[in-house]
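Q: Encoded as structure tokens, here's the structure I'll be asking about.
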There are 2 protein chains.
Amino acid sequence: MAVTIRDVAKRLNLSITTVSRALDGYDDVAEDTRERVRNAAAQMGYAPSHMARQMRRQRADTIGFAISLPPTARDNTNNRAFADPFVLEFIAGLGDEATQCHLDLIVSTATPGMEEETLFRRWVQGRRLDGVVVNRLRKDDWRVAYLTQNRVPFVASGHLQGATFPFIEVDGKSGFKRMVQYLAGKGHARIGYIGGPDGLRLQDDRLAGYRAGLRAAGLSFNKAFLAQGDMTRNGGYAAALQLLALPQRPSAILCVNDMTAIGAMRAARERGLVVGRDIAIAGFDGIADAEHTEPPLTTLNQPAYDIARALVQMLAQMIEDGRRGQSHVPKQVLLQPELILRQSTEGGN
Amino acid sequence: MAVTIRDVAKRLNLSITTVSRALDGYDDVAEDTRERVRNAAAQMGYAPSHMARQMRRQRADTIGFAISLPPTARDNTNNRAFADPFVLEFIAGLGDEATQCHLDLIVSTATPGMEEETLFRRWVQGRRLDGVVVNRLRKDDWRVAYLTQNRVPFVASGHLQGATFPFIEVDGKSGFKRMVQYLAGKGHARIGYIGGPDGLRLQDDRLAGYRAGLRAAGLSFNKAFLAQGDMTRNGGYAAALQLLALPQRPSAILCVNDMTAIGAMRAARERGLVVGRDIAIAGFDGIADAEHTEPPLTTLNQPAYDIARALVQMLAQMIEDGRRGQSHVPKQVLLQPELILRQSTEGGN
DNA sequence: CGCTATTTCCAAAACGTTTTGGTAAAATGT
DNA sequence: ACATTTTACCAAAACGTTTTGGAAATAGCG
């Protein structure tokens, strides 16, 4: 049905070789022939079939993003992968840079009834993609094992101990340490922490930062001040209620991410507390919403969009190197998050 | 490099035909042969190449989402396609249902330097996709013309006058009419409206609803109470400041969508007004954030997620019908948005 | 046993490109 | 005028499947 290269060739009494090469800009075709080909192609509405090209070139020109969700963050009716603005900004960065690199991006959204893992495996095995970006690594992540084994190029946002793959990580430990020290400096002595699900690398990291901060400030660690959410608003809400119900409630609460913090602020409001006066709350990520909350949220900003773009560039390079049989030196970057102070941590205690 | 169907066939001394048919479940292969094939395939880690399959079958098994952005909603560094939770929920629905229908979804994100249109044309011409979902139709939308001309199946969220294509639309006119009547009933006589960019179908629609509501409530239309945003938070903020600077400011403001309303609430707060007491503000969309704003936002809810899923189903059916040469009767649906009353419109005037 | 029906398998074509390894013709050099 | 290079083109192979149209072998039947 659609117009193929053969149709164009026939129309001009040329070989398909010449048509192909004319359009691809090879220099072994006469300038006026090239012009004739271009015109005919434009007029006939010809564009090379993407599938056929991929087939012949043996490359998918597609990268995948294997998003990892904590089980509680899914529900039956609605895929909540997209609910966190941080993840979204990240995806936007991936998408933009991918297009710029002439790559397509497919995002593995785990749907109810279909396991994330199944889908992902199908993609890799079906040579659907040339490379993968993974995020939110777990302590023992099947994805890195799988990708390494199948020799699929991949880059990570975050890293594991002694990683041999390329990654870009934002230093959550150092960030939260600074945050605790800041709060301690304002007189807070009872500082709580709402974390994410166990097994997540970033959770360990940020929790370690929290504890390091307490130590540095000469405060003792109190297990009762620890609560666990699931990195969603509702998770943060529930965890905060728990902390606020303590007989000696914390005067400040650090949250593993901004979404959690937004939930925590709601909990505080409902308990009749004015955030930024009666209690300090802070997050991590620097999502745009944090600027517009009431009160605006103190947070540690990570440049999700730029990180994503950089990761895609690294990945593209890696894929290219792999094709040429060159070995790739993994680039590994550690960034410092930026402490953004806003009203939610005003008022010492 | 990767293992192909030929490798499996060779290993078992079978033809590739048989291997293919064994795995695809055809009944002209002996049960024990099928078992042998299955085992060998699993053991050798064989999975059919997606590209080759597509090539042969002449179908991309992919649908596209052509997102339309007002120019002001883009900036140089960051793609703001993903900034609106409403769009996101919509995309999540598309993605989920697509996976369920064994389709892939690619989202056309217009990047700086690359025109949305160029990218989109490449996809269609390169037969990258079997069908398209379009949203935010413009009065004279090049996309519907283009898709119709190229005989690409598509469905729309929203519709145009006398549309011959399938669509699902939420009745913005009727919704805003009801909203105005509700506010008028609470005593508001000076009701403002912050719209979206011109040329957008939904803008006309909702504006018409606003005017119809005024008429029904016996209020006169005041041009000064009209402001224009760009459907983003910042657009809403700026437009609201303008309305609030009027000597006789509105006592209630309707916003074309929730993001605009969130911006407007910020503007009101900054002017020292308490939303829900000194001024009423309402939105449209029913995004999750609207529940968590301070105060929670009155809005007209549209089930973005479910609409998206339904659209994909319609599209899949359409594609299927097209393959069989059957003509397709376009299904056209008009839904009523649900009025959700929250604190932001408390307190009459 | 001879005939037809069923079962199980397969060779070859096709999908639409890009790439390889050419060949004639024209231009250039001696 | 002949050898050599350059220019402009092309036939055929390959990419990895699925599908078509059989063909042997086996089973069923009178």
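The values are calculated or read from the model by the stated rules, or taken from the named source; none is laboratory data. Keep in mind that what you see is a predicted model, and the values were worked out from it rather than measured. Reconstructed Cβ throughout: ideal geometry from the backbone, glycine too, with neighbour counts over all protein chains shown.
Q: If you go through the range A:214-234, how many residues are closer than 21 Å to A:L200 by Cα, assigned to a helix (DSSP H, G or I) and in contact with a strand residue (DSSP E or B) (Cβ under 8 Å, 6 or more places away or on another chain)?
A: Adding up the residues that qualify gives 1.
Q: Restricting the first residue to the range A:19-30 and requiring it to be more than 13 Å from A:V8 (Cα to Cα), which pairs with a second residue that is near DNA strand D (Cβ under 8 Å from one of its atoms) and assigned to a helix (DSSP H, G or I) meet a Cβ separation below 8 Å and a spacing of at least six or different chains?
A: Between residues of the range A:19-30 that are more than 13 Å from A:V8 (Cα to Cα) and residues that are near DNA strand D (Cβ under 8 Å from one of its atoms) and assigned to a helix (DSSP H, G or I), the close pairs are A:D28/A:R21; A:V29/A:T18; A:V29/A:R21; A:V29/A:A22.
Q: Of (1) of a type outside the set (K, R); (2) surrounded by fewer than 18 Cβ atoms within 10 Å (Cβ to Cβ); (3) more than 11 Å from DNA strand D (Cβ to nearest atom), A:E35 satisfies all except one. Which?
A: Only one criterion in (1) of a type outside the set (K, R); (2) surrounded by fewer than 18 Cβ atoms within 10 Å (Cβ to Cβ); (3) more than 11 Å from DNA strand D (Cβ to nearest atom) is unmet by A:E35, namely (3).
Q: Please find, within the range B:254-271, the residue that is farthest from the chain's Cα centre (by Cα) out of those that are of a type in the set (D, E, K, R) and within 11 Å of another protein chain (Cβ to nearest Cβ).
A: Result: B:R269.
Q: For the range B:52-62, which positions are away from DNA strand D (no atom under 11 Å from the Cβ) and surrounded by fewer than 18 Cβ atoms within 10 Å (Cβ to Cβ)?
A: B:D61
Q: Considering the range B:189-207 alone, what residues qualify as being over 17 Å from B:R233 (Cα atoms) and part of a helix (DSSP H, G or I)?
A: B:R201, B:L202, B:D204, B:D205, B:R206, B:L207
Q: Right, another one. Can you name the residue in the range A:71-84 that is closer than 15 Å to B:G93 by Cα, modelled with pLDDT under 65 and not in a loop (DSSP other than H, G, I, E, B) and, of all such residues, is nearest to the other protein chains (Cβ to nearest Cβ)?
A: At the first step, the residues of the range A:71-84 found to be closer than 15 Å to B:G93 by Cα are A:74-83.
With modelled with pLDDT under 65 added as a condition, the list becomes A:74-82.
So of that shortlist, the ones also not in a loop (DSSP other than H, G, I, E, B) come out as A:80-82.
Details: A:R80: 8, A:A81: 7, A:F82: 4 Å.
Here the answer is A:F82.
Q: With the checklist (1) touching a residue at least 60 places away in the same chain (Cβ under 8 Å); (2) away from chain B (no Cβ under 14 Å); (3) on the phi < 0 side of the Ramachandran plot in hand, flag the one item A:Y210 doesn't pass.
A: Against the list (1) touching a residue at least 60 places away in the same chain (Cβ under 8 Å); (2) away from chain B (no Cβ under 14 Å); (3) on the phi < 0 side of the Ramachandran plot, A:Y210 comes up short only on (1).
Residue by residue, here is whether (1) closer than 23 Å to A:T298 by Cβ; (2) over 19 Å from the mean Cα position of the chain (by Cα) holds:
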position	(1), (2)
A:P166	no, no
A:E169	yes, no
A:G196	yes, no
A:L200	yes, no
A:R206	yes, no
A:L244	yes, yes
A:P247	no, yes
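Here is a yes/no grid of residues against (1) modelled with pLDDT of 90 or more; (2) farther than 20 Å from B:H50 by Cα:
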{"site": "A:E117", "(1), (2)": "no, no"}
{"site": "A:R128", "(1), (2)": "yes, no"}
{"site": "A:N150", "(1), (2)": "no, no"}
{"site": "A:S157", "(1), (2)": "yes, yes"}
{"site": "A:E169", "(1), (2)": "yes, yes"}
{"site": "A:S174", "(1), (2)": "yes, yes"}
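Q: May I ask you to list the residues in the range A:85-113 that are part of a loop (DSSP other than H, G, I, E, B) and modelled with pLDDT of 85 or more?
A: A:C101, A:H102, A:L103
Q: OK, next. Among the residues of the range B:182-201, write down those that are within 16 Å of B:L226 (Cα to Cα) and surrounded by 24 or more Cβ atoms within 10 Å (Cβ to Cβ).
A: Within the range B:182-201, B:I191, B:G192, B:Y193, B:I194, B:G195, B:G196 qualify.
Q: Still on this structure: Give the range A:122-138 a look and list any residue that's more than 14 Å from chain B (Cβ to nearest Cβ) and without any contact (Cβ under 8 Å) to a residue 24 or more places away in the chain, or say none.
A: Across the range A:122-138, there are no qualifying residues.
Q: For residues in the range A:18-29 being among the aliphatic types (A, V, I, L, M) and part of a helix (DSSP H, G or I), which is farthest from DNA strand C (Cβ to nearest atom)?
A: Filtering the range A:18-29 for residues that are among the aliphatic types (A, V, I, L, M) and part of a helix (DSSP H, G or I), the one farthest from DNA strand C (Cβ to nearest atom) comes out as A:A22.
Q: Another question about this same structure. Does the range B:43-51 contain any residue that is within 14 Å of chain A (Cβ to nearest Cβ), more than 10 Å from DNA strand D (Cβ to nearest atom), closer than 29 Å to A:D130 by Cβ and in a helix (DSSP H, G or I)?
A: yes
One line per residue, one yes/no per condition, for (1) touching a Ser or Thr at 6+ places or on another chain (Cβ under 8 Å); (2) under 30 Å from B:A308 (Cβ atoms); (3) near DNA strand C (Cβ under 8 Å from one of its atoms); (4) among the polar types (S, T, N, Q):
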| residue | (1), (2), (3), (4) |
| --- | --- |
| B:D7 | no, no, no, no |
| B:R11 | no, no, no, no |
| B:I16 | no, no, yes, no |
| B:E31 | no, no, yes, no |
| B:Q43 | no, no, no, yes |
| B:H50 | no, yes, no, no |
| B:D61 | no, yes, no, no |
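Q: Right, something else. How many of the residues making up the range B:244-263 are more than 11 Å from B:G229 (Cβ to Cβ), in contact (Cβ under 8 Å) with a residue 60 or more places away in the chain and in a helix (DSSP H, G or I)?
A: Final tally of qualifying residues: 1.
Q: Right, next: Just checking, how many residues over the range A:114-161 are in a strand (DSSP E or B) and either touching a strand residue (DSSP E or B) at 6+ places or on another chain (Cβ under 7 Å) or crowded, with 19+ Cβ neighbours inside 10 Å (or both)?
A: Kept after step one, since they are in a strand (DSSP E or B), are these residues of the range A:114-161: A:114, A:131-135, A:138, A:154-157.
Narrowing the set further to residues that are either touching a strand residue (DSSP E or B) at 6+ places or on another chain (Cβ under 7 Å) or crowded, with 19+ Cβ neighbours inside 10 Å (or both) leaves A:131-135, A:138, A:154-157.
Looking only at that region, the number is 10.
Q: Identify the single condition in (1) under 29 Å from A:A288 (Cα atoms); (2) touching a residue at least 40 places away in the same chain (Cβ under 8 Å); (3) among the charged types (D, E, K, R); (4) assigned to a helix (DSSP H, G or I) that B:R266 does not satisfy, given that it satisfies every other one.
A: Checking B:R266 against (1) under 29 Å from A:A288 (Cα atoms); (2) touching a residue at least 40 places away in the same chain (Cβ under 8 Å); (3) among the charged types (D, E, K, R); (4) assigned to a helix (DSSP H, G or I), the one that fails is (2).
Q: Quick one: in the range B:6-25, which of the residues that are within 9 Å of DNA strand D (Cβ to nearest atom) and surrounded by fewer than 16 Cβ atoms within 10 Å (Cβ to Cβ) is farthest from the other protein chains (Cβ to nearest Cβ)? Write out each step before concluding.
A: Here is the first cut: in the range B:6-25, the ones within 9 Å of DNA strand D (Cβ to nearest atom) are B:6-9, B:15-21, B:23-24.
So of that shortlist, the ones also surrounded by fewer than 16 Cβ atoms within 10 Å (Cβ to Cβ) come out as B:6, B:15-17, B:24.
Working: B:R6: 15, B:S15: 21, B:I16: 16, B:T17: 20, B:D24: 14 Å.
Once the filter is applied, the top-ranked residue is B:S15.
Q: Mind telling me which of the residues B:L241, B:L200, B:L219 ends up being over 25 Å from B:E346 (Cβ atoms) and more than 14 Å from chain A (Cβ to nearest Cβ)?
A: Selected residue: B:L200, the only one of B:L241, B:L200, B:L219 that is over 25 Å from B:E346 (Cβ atoms) and more than 14 Å from chain A (Cβ to nearest Cβ).
Q: Inspect the range B:281-304 for any residue being more than 26 Å from B:K186 (Cα to Cα), touching a residue at least 24 places away in the same chain (Cβ under 8 Å) and either β-branched (V, I, T) or buried (at least 16 other Cβ atoms within 10 Å of the Cβ) (or both) and give the result as yes or no. Can you show your working first?
A: As a first pass, look at the range B:281-304 and keep what is more than 26 Å from B:K186 (Cα to Cα): B:303-304.
With the extra rule that they be touching a residue at least 24 places away in the same chain (Cβ under 8 Å), the set shrinks to B:303-304.
Now narrow it down to the ones that are either β-branched (V, I, T) or buried (at least 16 other Cβ atoms within 10 Å of the Cβ) (or both): B:303-304.
Yes, because at least one residue in the range B:281-304 is more than 26 Å from B:K186 (Cα to Cα), touching a residue at least 24 places away in the same chain (Cβ under 8 Å) and either β-branched (V, I, T) or buried (at least 16 other Cβ atoms within 10 Å of the Cβ) (or both).
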